[in-house]
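Here is the structure we will look at, set down as structure tokens.
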Amino acid sequence: MARGQEQDLVSGNQAPLRWGIPALVLGNLCLAFGSWFVRMADTGPIASAFWRIALAAPFLFLIARALGDPARRLRPAAFGLFALSGLFFAIDLAAWHLGILQTKLANANLLGNSTSFLLPLYAFAVARQWPTRAQGVALALAGMGAALLSGLLLAIAFLTITFRMWRRVK
């Protein structure tokens with residue numbers, strides 16, 4: 001596959017990669033505003049999780065129909081796995097929505113989407129292979145961002161300043 005090309009998962013055709021970055025930015029904006037909307041909702045967190053999926057489902061069905069509904073070509077046993085993964089996704093979404101109401105929005109988003117940071121670490125541990133330089137830089141930046149969001153660096157700075165002041169007094 002040529003650089004700057006993407007492969008369609010359904011048809012296998014290659015197309016220019018021109019919508020990748022805008023789609024990534026739009027997806028991140030939707031994730032960022034999603035927790036804010038959950039906090040503003042008139043319903044409870046579990047109900048807002050339900051409606052979040054229920055309102056998206058018709059659009060997903062339309063997209064599946066436009067793509068020729070590749071799920072119809074799967075074996076029936078695969079649908080059991082789909083149902084199980086849907087159940088786990090519903091539990092994860094409900095837990096995330098409960099967390100949105102109990103902590104800061106940034107921390108709720110960080111914890112709710114931490115798999116994108118933790119899964120590569122787990123994969124490196126299982127595969128027993130060190131990440132490439134680019135992967136290592138990406139994981140280090142993600143770790144620093146997580147530390148900033150969680151207030152860890154602020155706590156370390158506070159403890160350092162307090163210790164230095166205490167040492168001067170003695």
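If I go through region 25-47 residue by residue, how many of them are within 17 Å of L111 (Cβ to Cβ), open to solvent by less than 70 Å² (accessible area, probe 1.4 Å) and among the hydrophobic types (A, V, I, L, M, F, W, C)?
Going through region 25-47 one residue at a time, the tally reaches 3.
From the list A106, A83, which one is within 28 Å of R52 (Cα to Cα), open to solvent by less than 80 Å² (accessible area, probe 1.4 Å) and in contact with a helix residue (DSSP H, G or I) (Cβ under 8 Å, 6 or more places away or on another chain)?
Values: A83 fails: in contact with a helix residue (DSSP H, G or I) (Cβ under 8 Å, 6 or more places away or on another chain).
After applying the criteria, what remains is A106.
Taking L60, is it open to solvent by 100 Å² or more (accessible area, probe 1.4 Å) and either modelled with pLDDT of 85 or more or under 30 Å from M40 (Cβ atoms) (or both)? Spell out how you get there, then give the answer.
Values: open to solvent by 100 Å² or more (accessible area, probe 1.4 Å): yes; either modelled with pLDDT of 85 or more or under 30 Å from M40 (Cβ atoms) (or both): yes.
Criteria met by L60.
Return the pair list, or none, for Cβ contacts closer than 8 Å from residues in region 32-43 that are closer than 14 Å to G99 by Cα to residues that are of a type in the set (D, E, K, R) and modelled with pLDDT under 90, at least 6 apart or on different chains.
Correct list of pairs: G34/R52; V38/R52.
Which of (1) aliphatic (A, V, I, L, M); (2) over 27 Å from C30 (Cα atoms); (3) open to solvent by 50 Å² or more (accessible area, probe 1.4 Å); (4) at pLDDT 75 or above is the odd one out, the single condition A78 does not satisfy?
(3)
Tell me whether region 64-71 contains one or more residues that are more than 17 Å from the chain's Cα centre (by Cα), surrounded by fewer than 10 Cβ atoms within 10 Å (Cβ to Cβ) and modelled with pLDDT under 90.
Step one: of region 64-71, the residues more than 17 Å from the chain's Cα centre (by Cα) are 64-71.
With surrounded by fewer than 10 Cβ atoms within 10 Å (Cβ to Cβ) added as a condition, the list becomes 65-66.
Then keep just the ones that are modelled with pLDDT under 90; that gives 65-66.
Yes: region 64-71 contains one or more residues that are more than 17 Å from the chain's Cα centre (by Cα), surrounded by fewer than 10 Cβ atoms within 10 Å (Cβ to Cβ) and modelled with pLDDT under 90.
The values are calculated or read from the model by the stated rules, or taken from the named source; none is laboratory data. As the structure is a prediction and not an experimental result, all values here were calculated from the model. Please note: Cβ atoms are built from the backbone with ideal geometry, for glycine as well, and neighbour counts cover all protein chains shown. Keep in mind that these areas ignore ligands, DNA and RNA; they rest on the heavy atoms of the full protein, side chains included. Shrake-Rupley method; radii C 1.70, N 1.55, O 1.52, S 1.80 Å.
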